[in-house]
Amino acid sequence: MIQRICRFLFTVLLLLVVARPGMAQSVFGIIKNQQNEAVAFASVYVPSLQKGTTANLSGEYRLSLPEGEHVLLFQYLGYQTVTHTVQIGTQDVALDVTLRVQHYNLAEVIITASGEDPAYYIMRKAISLSGYYLKQVSEYKAGVYLKGTGVALKIPLLLRKQLRDDGIEVGKYFVTETISKIHYKSGEPLKTEVISTRSAGFGEQADPMQFVALSLYQDISGIISPLSRNAFTVYRFKLEGSFVENGHTINKIRVIPRRKGQDLYSGTIFIREGGWNLHSVDLRVEQNMFSLKLRQVFQEVKPMVWMPVSHDYDVHVEALGGEAKFRYLVTVSDYEIIMNPTLDHAFYARLVQEDQLPEEIRQPEVTIIKTEEKSPSSARQQQIQALLEEEELSNRQARELNRLVRMETNANRVKPSLEVKPRNTEISDSARTRSVDYWQQFRPVPLTSEEQASFGEKPVDSAKTDTTARKMPWLNDLMFGESNIKLNSRWTMGYNGLAGLTSLSFNTVDGFLYEQKLKVQSEPASGRRFRAGAGLTYAFARERIGGQANAEWLYNPFRRAKVSIEGGRQTTDFSNNGIHPLINSFTSLLNRQNYMKLYEKDYVKLAHTTDLANGLTFGVSAGYARRRQLENHTDFYVMSITGHNYTPNLPGVLSGRPGLASGHRAMLLGANISYTPRHYYRLDGKRKTMLYSRYPTFSLEWQQAVPGFDGSTADFGRVETSVKQQFELRLAGNFSYSVAAGLFTDTTALFFADYKHFATDPLWIGIAGKQGFRGLGYYERSTNKAYVQAHLGYVHSRILLKRLPFLAGSLIRESLSTGFLFQEGRQPYVEAAYGLNQLFLLFNAEVYTSLSGGRHHHSGIRIGIPLGGGEVRL
């Protein structure tokens, strides 16, 4: 109630200030150290109001306060906390503050009998209780001020003109700032209400950055926290000293990575003894092209509840001849805390010997809870207390204690909904129209002179700048294509361009094949969606026109129910898992190797899919095709590096059996069903988008050819079942597997186009991310008999080469993979590969070897390039 009254009075006072600018009530000044140097980003906090601010780069601060007496805390990492009492009246109060260097006392720390560094005793306690502090608060609201400042230090020569047109020059500062209110609720995305925002050069950043709600009590974006339950395997800890603040000992602990890597922090964390919670952090993440410094200051916003009130992120990027620095400064105040009602907070208060509890969790008959007043209420709590009272916890005991605490905090957790709600950001109508006077009054962190100059240099008429930055954009779209041309609020269009990447290709059947593709899409507010597309091709060598058209109607967006139709005349690869057309163009023109084997089809196909239940998808299809055999119509090439000659347009496995590729007609029916347990999803309006699951996906597919329909001669049946999954095991890495087994129930009239074709990628250059058999040639193992295939994959940041010091900090990831193929009447095939992913942030490289029937089959290297289409197709 007192906090609400304070906030109400503060709001009234601010309104009076706006009405009478000369009556501003605030405390301001400069924070320096004993050497008269500015202490940049020092924290200023008023505990009674749960309100604070942060000094700027020059040490300047300003904090608006209501009338009355207030106690201010000034603190920064490495300095002693300074307390000042100020009396706020009708005039601003000037208060310069000098921070003294924090001296650390090593005489008062715990000395263990084992002789190991006392930091391990402290960290075992902190890691053990991290599960509780992670779940301690179930909901909170707060006010947030964010300021982002960036400056380019170097710009590559090739980009200077383009960036200059966009207003980016070396040494010029860009600033963005927002004032927002955030609402965090466990299990839901952060809600943001943007009160005011403006930007000079960065583009409008209305979201106060999701890291405001992130917690170092768990791993963040793959970076292992020093408070992770696996921290002892990757970090060493060293106690560098302690000091006393408000009657509690604060321990300074050095975090030292045991190895190099972009997934580890280094630096310092401060742990409050007794409570074993974070007091402040000063950490760094190093990578080859950028480094990140993270500083956070925590305050006790409620008894036993410590929350970050200041975030300081310093990012340094240096790549491809360019260099830039970015700094994000965030102050969080006016916390409104709701404790997690499913936790026994009184039990944890006794564990950490806290003598106060927030009102909403205090026992009615007790005002001060002592450790001995109540015994644990469950066997698990008894185990937790017994372990926490151990004078020397081992690493094994610490992991067990962490596990027990996490089980305790999750014991009464409600099973989460499968719906993952999208981030919710609301921008008020006046957020982007605030005056300079408004920002000067309500901005909690003063701007530096460079930042003020950045806003002062912003063009008055930004529309003119935007139009000159890109002259005649329609000409670029016409020549090179654009996938998302907005026609109006509902309709978009895509076009592949007169000279786009997909406009021209080459194969020995069509010669040069020129293609023009156009697509349109309508997305009304109802969530339904209509898509349509058409393409026209001309084969110069065959002097033949082809084309294709398709349409799709998503009529039930929540069920993902849609009906589609497509048809036309196409030149088609026998295998839908074969070589990419662009790569085949290069191998044909530059080395006279035509790997792609083609036939022509005139076809029409109808399909319908829907979700029968969440995670359960069912689809049916019916199609009719007239297929014609084709021959090479050109022997054109630019060069033949290895002296190869073009081969006939017939897969080598059909030698002596050309009838399997002869012309025929086929009427095909199909059905498929797949199920993924507990498949999480997101609703965009009424439209459902499937996201992820911790369980495998099980599938069953059936296909049947029906003879006799309009001369259809194809007569066969095939069924296939499969299971696939991708998952991550914390420090162990990312795993994936896919297994499929199939057979033909009938082969009365089975042509090669309907064989089972396996994904293969035998060339030294291929598609990055495509999972298939590296050592098998195209069509080599295509079959009309029973088969079982499996692919296993493993990706980790450190397997072999990444353990070398000069590669440890790079973004490269290592991979291991293996594939198995068992076919009726054929020798079993096995292969294995080792690879480096994200070379130069773009390419993959692999070495592989394979065995057939226990004997060496093929070995080689493979470079993967990002052309898309890297999904697994069984």
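The values are calculated or read from the model by the stated rules, or taken from the named source; none is laboratory data. No experiment lies behind these values; they were computed from the predicted model shown. Because the Cβ atoms are built from the backbone with ideal geometry, glycine has one as well, and the counts that use them run over all protein chains shown. When the accessible area is computed, the model is the full protein with side chains, heavy atoms only, and any ligands, DNA or RNA have been set aside. Shrake-Rupley method; radii C 1.70, N 1.55, O 1.52, S 1.80 Å.
If the condition is being open to solvent by 50 Å² or more (accessible area, probe 1.4 Å), touching a residue at least 24 places away in the same chain (Cβ under 8 Å) and closer than 29 Å to SER585 by Cβ, then the range 503-530 contributes PHE512, TYR514, LEU518, LYS519. Do we have any residue at all in the range 98-107 that's under 37 Å from the mean Cα position of the chain (by Cα), part of a strand (DSSP E or B) and not hydrophobic (A, V, I, L, M, F, W, C)? No: zero hits.
Scan the range 724-742 for residues that are surrounded by 15 or more Cβ atoms within 10 Å (Cβ to Cβ) and part of a strand (DSSP E or B) and jot them down. Within the range 724-742, LYS724, GLN725, GLN726, ASN734, PHE735, SER736, TYR737, SER738, VAL739, ALA740, ALA741, GLY742 meet the criteria. Here is a check on your reading of the model: is VAL317 open to solvent by less than 30 Å² (accessible area, probe 1.4 Å) and out of contact with any Leu (no Cβ under 8 Å at 6 or more places or on another chain)? So VAL317 fails the test. Scanning the range 126-150 for residues that are at pLDDT 85 or above, open to solvent by 10 Å² or more (accessible area, probe 1.4 Å) and not aliphatic (A, V, I, L, M) returns TYR133, LYS135, SER138, GLU139, TYR140, LYS141, GLY143. Restricting the range 285-309 to residues that are touching a Gly at 6+ places or on another chain (Cβ under 7 Å) and over 15 Å from SER48 (Cα atoms), the residue that is least open to solvent (accessible area, probe 1.4 Å) is GLN287. Would you confirm whether or not the range 203-214 contains a residue that is at pLDDT 85 or above, surrounded by fewer than 16 Cβ atoms within 10 Å (Cβ to Cβ) and on the phi < 0 side of the Ramachandran plot? No: the range 203-214 contains no residue that is at pLDDT 85 or above, surrounded by fewer than 16 Cβ atoms within 10 Å (Cβ to Cβ) and on the phi < 0 side of the Ramachandran plot. Listed by position, the helices (runs of 4 or more DSSP H) contained in the range 375-494 that have at least 3 residues being at pLDDT 70 or above and in contact with a strand residue (DSSP E or B) (Cβ under 9 Å, 6 or more places away or on another chain) are 473-480. Looking across the range 617-668 at every residue that is of a type in the set (Ser, Thr, Tyr), in a loop (DSSP other than H, G, I, E, B) and crowded, with 18+ Cβ neighbours inside 10 Å, the one that is farthest from the chain's Cα centre (by Cα) is identified as THR634. Please find, within the range 748-788, the residue that is farthest from VAL234 (Cα to Cα) out of those that are among the hydroxyl-bearing types (Ser, Thr, Tyr) and surrounded by 15 or more Cβ atoms within 10 Å (Cβ to Cβ). Filtering the range 748-788 for residues that are among the hydroxyl-bearing types (Ser, Thr, Tyr) and surrounded by 15 or more Cβ atoms within 10 Å (Cβ to Cβ), the one farthest from VAL234 (Cα to Cα) comes out as TYR755. In this structure, is SER699 of a type outside the set (Phe, Trp, Tyr) and surrounded by 15 or more Cβ atoms within 10 Å (Cβ to Cβ)? So SER699 passes the test.
A count restricted to the range 43-58 and to residues that are assigned to a loop (DSSP other than H, G, I, E, B), at negative phi and in contact with a Ser or Thr (Cβ under 9 Å, 6 or more places away or on another chain) stands at 5. Taking the numbered list (1) under 33 Å from the mean Cα position of the chain (by Cα); (2) modelled with pLDDT of 95 or more in turn, GLU720 passes all entries but (1). Within the range 308-328, restricting attention to residues that are more than 15 Å from VAL170 (Cβ to Cβ) and more than 22 Å from the chain's Cα centre (by Cα), the residue that is modelled with the lowest pLDDT is LEU320.
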